[in-house]
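Participant: The structure's right below; bear with me while I get my questions together.
The values are calculated or read from the model by the stated rules, or taken from the named source; none is laboratory data. These figures come from a predicted structure and were not determined experimentally. Glycine also receives a Cβ, built like all others from the backbone with ideal geometry; neighbour counts cover every protein chain displayed.
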Amino acid sequence: MNAPNRSGSKPVTPEASTNETGVQTVSGNRGLMLEERLIFEIGTGETTGVDLPQPSPEAPNRLGGLDRSAAIGLPGLSEPETVRHYTRLSRQNYAIDCGIFPLGSCTMKHNPRLNEKVARLHGFADLHPLQPEARVQGALAVIDELAEWLLALTGMQAVAMSPKAGAHGELCGILCIRAALEARGDPRAVILVPESAHGTNPATAAFAGYQVEGIPATAEGRVDLAALTARLGPDVAGVMITNPNTCGLFEPDMIAISDAVHAAGGLVYCDGANFNAIVGRVRPGDLGIDAMHINLHKTFSTPHGGGGPGSGPVVLSEALAPFAPLPFVSRQPDGHLHLIEEENAGEEHGQAFGRMSAFHGQMGMFTRALAYILSHGADGLRQVSGDAVLNANYVLRSLEDVLDAPFAHSGPCMHEALFGDAGFAEGIATLDVAKALIDEGFHPMTMYFPLVVHGAMLIEPTECESRASLDQFIASLRAVAERANAGDPLLTQAPLLAPRRRVDETAAARKPRLVWTEPTGGDTAAA
Ligand SMILES: *Cc1c(COP(=O)(O)O)cnc(C)c1O
């Protein structure tokens, strides 16, 4: 268990320190970084990290006339120069192994090394998806056992294992809903999505060909049940609801919502990316949900970031199970594990809507997630959600006197603490606070999401943080918040201590300069 909250953590007594830039940090963050130029700028064509023997003059030339006529301009460096270049670059990267990664909605938790060890076992790591079934019974057993755990934890009927991330799982679930409605000759055009939803929800519904309509939130940050039920009708295919929602709150009306949607002939999709807050405590199947994706890379600790890899199995209700995509692992009466594909789908899977991916899914994530689940056990998983919620409430209550906490009056939060920018002085924005956290040595929190809170800051500490590491983070954020409330103009220039100062984020996203051109004198560092 990663639950050092009870004892043993030393309290942190932060001492603000000032350096020559005038920046005060509470964390004691200090730069120890050289300016790292591009490898093309530090390497030369004359240096090489390897010594190759000169070819013998008699050796036949086997290039068939394709010999290079000139050097191709690859940078040459010695081995230590190369190692240092990439190691220094890697140290400019922030990772969960460096410190708390407080991104809300992302569940950036510790990746236990045990999982890594298991995933690297030759028998798992070196498989090919086209190997004959008899040779991969162990791998199929991992998929089957993980599927059983996911069904037990969610109380659902079936699970499609192949979707490769949360958003891919959403698409899978919505395609199941569409297939079920088409099968009963009742194609409906509209999917309802609450205002606070993750952007992937409306994107998924639109991608699957649905019209998306928003449902307002109440002042408590929850789905407005009356507005939702008023909109239900024969054109509504279903709803997509995140529970716990992206304001970090549990939707207590979930059963009433499901009942109303079902009574109106629709189906209920639940975005299960926030499952970490309720795992081992609430079974979505008991809330009337028809489809829900589980982000193995969030709740079950498989590493993510930088765009992948993810894994998003989708659990399905009895109503949707027949439409689940292939393939399926099925245990035969003799114990043999068998892959159900198009040619042997039989009656049970004859209505499958198709496939989400060519093969079984993210095998490397399955092994990691199962290792995580088995090493925690059911009780351990229950403690995961308890500790995650405790940590988030600790952050919320420790900072609500210096940061606007719009839903703090709604009671305890779930796994993430949500703040807004209401208390900041004129001219100071959430972006400035996020950038100043970099000067403190922390990755910023999620900002400007969810949209229902002005200047939102969403912080998800997960269960992995000790009291000491939470106190250190809270002390830094408290100091930055106090400067924001007092209107410290230096904040608008943060980060001052990072290898790069503030960049133009719009231009960086919209007009990225991806090609390096040799500087023609002057400012090379800007390239
Ligand atoms: C992370 C997340 C998703 C999307 O998951 P990906 O694996 O990034 O595609 C969807 N909804 C919520 C609430 C999330 O937090």
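Participant: Looking at Ala345, Ala352, Ala388, which one is more than 18 Å from Glu148 (Cα to Cα), touching a strand residue (DSSP E or B) at 6+ places or on another chain (Cβ under 6 Å) and surrounded by 14 or more Cβ atoms within 10 Å (Cβ to Cβ)?
Facilitator: Details: Ala345 fails: touching a strand residue (DSSP E or B) at 6+ places or on another chain (Cβ under 6 Å); Ala388 fails: touching a strand residue (DSSP E or B) at 6+ places or on another chain (Cβ under 6 Å).
Of the residues listed, the single one that is more than 18 Å from Glu148 (Cα to Cα), touching a strand residue (DSSP E or B) at 6+ places or on another chain (Cβ under 6 Å) and surrounded by 14 or more Cβ atoms within 10 Å (Cβ to Cβ) is Ala352.
Participant: How many residues, within the range 152-166, are farther than 18 Å from Ala352 by Cβ and not in a loop (DSSP other than H, G, I, E, B)?
Facilitator: Initial filter on the range 152-166 (farther than 18 Å from Ala352 by Cβ): 152-155, 165-166.
Narrowing further to those that are not in a loop (DSSP other than H, G, I, E, B): 152-154, 166.
Of the residues in the range 152-166, 4 are farther than 18 Å from Ala352 by Cβ and not in a loop (DSSP other than H, G, I, E, B).
Participant: Suppose we filter Phe424, Phe366, Phe419 for residues that are part of a strand (DSSP E or B) and buried (at least 17 other Cβ atoms within 10 Å of the Cβ); which single one remains?
Facilitator: Values: Phe424 fails: part of a strand (DSSP E or B); Phe366 fails: part of a strand (DSSP E or B).
Unique residue meeting the criteria: Phe419.
Participant: Would you mind telling me which numbered condition in (1) of a type in the set (A, V, I, L, M); (2) within 16 Å of the ligand (Cβ to nearest atom); (3) touching a strand residue (DSSP E or B) at 6+ places or on another chain (Cβ under 8 Å) Leu140 fails?
Facilitator: (2)
Participant: May I ask you to verify whether Asn243 is among the polar types (S, T, N, Q), crowded, with 24+ Cβ neighbours inside 10 Å and at pLDDT 95 or above? Break it down into steps so the answer makes sense when it comes.
Facilitator: Numbers: among the polar types (S, T, N, Q): yes; crowded, with 24+ Cβ neighbours inside 10 Å: yes; at pLDDT 95 or above: no.
When the stated conditions are applied, Asn243 does not pass them.
Participant: Within the range 185-196, can you find the residues that are away from the ligand (no atom under 15 Å from the Cβ) and assigned to a loop (DSSP other than H, G, I, E, B)?
Facilitator: Scanning the range 185-196 gives Gly185, Asp186, Pro187, Arg188, Ala189.
Participant: Have a look at Leu374, Leu381 and point out the one that is outside any strand (DSSP E or B), touching a residue at least 24 places away in the same chain (Cβ under 8 Å), more than 16 Å from the ligand (Cβ to nearest atom) and under 30 Å from Glu465 (Cβ atoms).
Facilitator: Working: Leu374 fails: touching a residue at least 24 places away in the same chain (Cβ under 8 Å).
None of the others qualify; the one that does is Leu381.
Participant: Would you point out the residue of the range 36-47, among those that are closer than 20 Å to Thr520 by Cβ and not β-branched (Val, Ile, Thr), that is surrounded by the most Cβ atoms within 10 Å (Cβ to Cβ)? Walk me through it before giving the result.
Facilitator: Residues of the range 36-47 that are closer than 20 Å to Thr520 by Cβ, as a first pass: 37-45.
Pick out the ones that are also not β-branched (Val, Ile, Thr) and you get 37-38, 40-41, 43, 45.
Details: Arg37: 13, Leu38: 12, Phe40: 13, Glu41: 15, Gly43: 21, Gly45: 11.
Looking at residues that are closer than 20 Å to Thr520 by Cβ and not β-branched (Val, Ile, Thr), I get Gly43.
Participant: Checking the conditions here, which among Asn93, Asn111 is of a type in the set (S, T, N, Q) and away from the ligand (no atom under 16 Å from the Cβ)? Steps first, answer last, please.
Facilitator: Details: Asn111 fails: away from the ligand (no atom under 16 Å from the Cβ).
None of the others qualify; the one that does is Asn93.
Participant: Select from the range 219-250 the residues that are in contact with a strand residue (DSSP E or B) (Cβ under 6 Å, 6 or more places away or on another chain), in a loop (DSSP other than H, G, I, E, B) and under 14 Å from Ile278 (Cβ atoms) and list them in ascending order.
Facilitator: Correct list: Asn243, Gly248.
Participant: Given the range 36-138, what helices (runs of 4 or more DSSP H) lie entirely inside it while holding 1 or more residues that are in contact (Cβ under 8 Å) with a residue 60 or more places away in the chain? Show your work before the answer.
Facilitator: Details: elements: 39-42, 79-91, 113-119, 122-125.
Counting at least 1 such residues, we get 39-42, 113-119, 122-125.
Participant: Inspect all residues belonging to the range 197-220 and state whether any of them is buried (at least 24 other Cβ atoms within 10 Å of the Cβ), more than 14 Å from the ligand (Cβ to nearest atom) and closer than 18 Å to His168 by Cα.
Facilitator: No, there is no match, as no residue in the range 197-220 is buried (at least 24 other Cβ atoms within 10 Å of the Cβ), more than 14 Å from the ligand (Cβ to nearest atom) and closer than 18 Å to His168 by Cα.
Participant: Could you list, in sequence order, the residues of the range 151-180 that are among the charged types (D, E, K, R), more than 13 Å from Gln362 (Cβ to Cβ) and either within 11 Å of the ligand (Cβ to nearest atom) or not assigned by TED's automatic domain parsing to the domain that holds Ser311 (or both)?
Facilitator: First pass over the range 151-180, keeping only residues among the charged types (D, E, K, R): 164, 170, 178.
Those left that are additionally more than 13 Å from Gln362 (Cβ to Cβ): 170, 178.
Hit for the range 151-180 is Glu170, nothing else.
Participant: Considering only the range 166-199, state which residues are modelled with pLDDT under 95 and closer than 14 Å to Leu451 by Cα.
Facilitator: Pro194, Glu195, Ser196, Ala197, His198, Gly199
Participant: Does Pro234 satisfy the condition of being more than 30 Å from Met445 (Cα to Cα), modelled with pLDDT under 95, surrounded by fewer than 17 Cβ atoms within 10 Å (Cβ to Cβ) and away from the ligand (no atom under 15 Å from the Cβ)? It would help to see each step written out before you state the result.
Facilitator: On the way: more than 30 Å from Met445 (Cα to Cα): yes; modelled with pLDDT under 95: no; surrounded by fewer than 17 Cβ atoms within 10 Å (Cβ to Cβ): yes; away from the ligand (no atom under 15 Å from the Cβ): yes.
Here the answer is no, as Pro234 does not meet what is asked.
Participant: Kindly check whether there is at least one residue in the range 276-290 that is more than 16 Å from the ligand (Cβ to nearest atom), crowded, with 24+ Cβ neighbours inside 10 Å, in the same structural domain as Ala158 (by TED's automatic domain parsing) and not polar (S, T, N, Q).
Facilitator: The answer is yes, given that some residue of the range 276-290 is more than 16 Å from the ligand (Cβ to nearest atom), crowded, with 24+ Cβ neighbours inside 10 Å, in the same structural domain as Ala158 (by TED's automatic domain parsing) and not polar (S, T, N, Q).
Participant: Shifting gears a bit: How about the range 293-338: which of its residues are among the small types (Gly, Ala, Ser), away from the ligand (no atom under 11 Å from the Cβ) and touching a strand residue (DSSP E or B) at 6+ places or on another chain (Cβ under 9 Å)? Break it down stepwise before answering.
Facilitator: Of all residues in the range 293-338, those among the small types (Gly, Ala, Ser) come to 301, 305-308, 310-312, 317, 319, 321, 324, 330, 335.
The next check asks that each one be away from the ligand (no atom under 11 Å from the Cβ); those that pass are 301, 306, 317, 319, 321, 324, 330, 335.
Result: Ser317, Ala319, Ala321, Ala324, Ser330.
Participant: Need the failing condition index for Ser357 against (1) in a loop (DSSP other than H, G, I, E, B); (2) more than 16 Å from the ligand (Cβ to nearest atom), just the number.
Facilitator: (2)
Participant: Got a sec? Which of Gly73, Gly123 is more than 21 Å from the chain's Cα centre (by Cα), surrounded by fewer than 17 Cβ atoms within 10 Å (Cβ to Cβ), on the phi > 0 side of the Ramachandran plot and outside the structural domain of Asp439 (by TED's automatic domain parsing)?
Facilitator: Answer to the check: Gly73.
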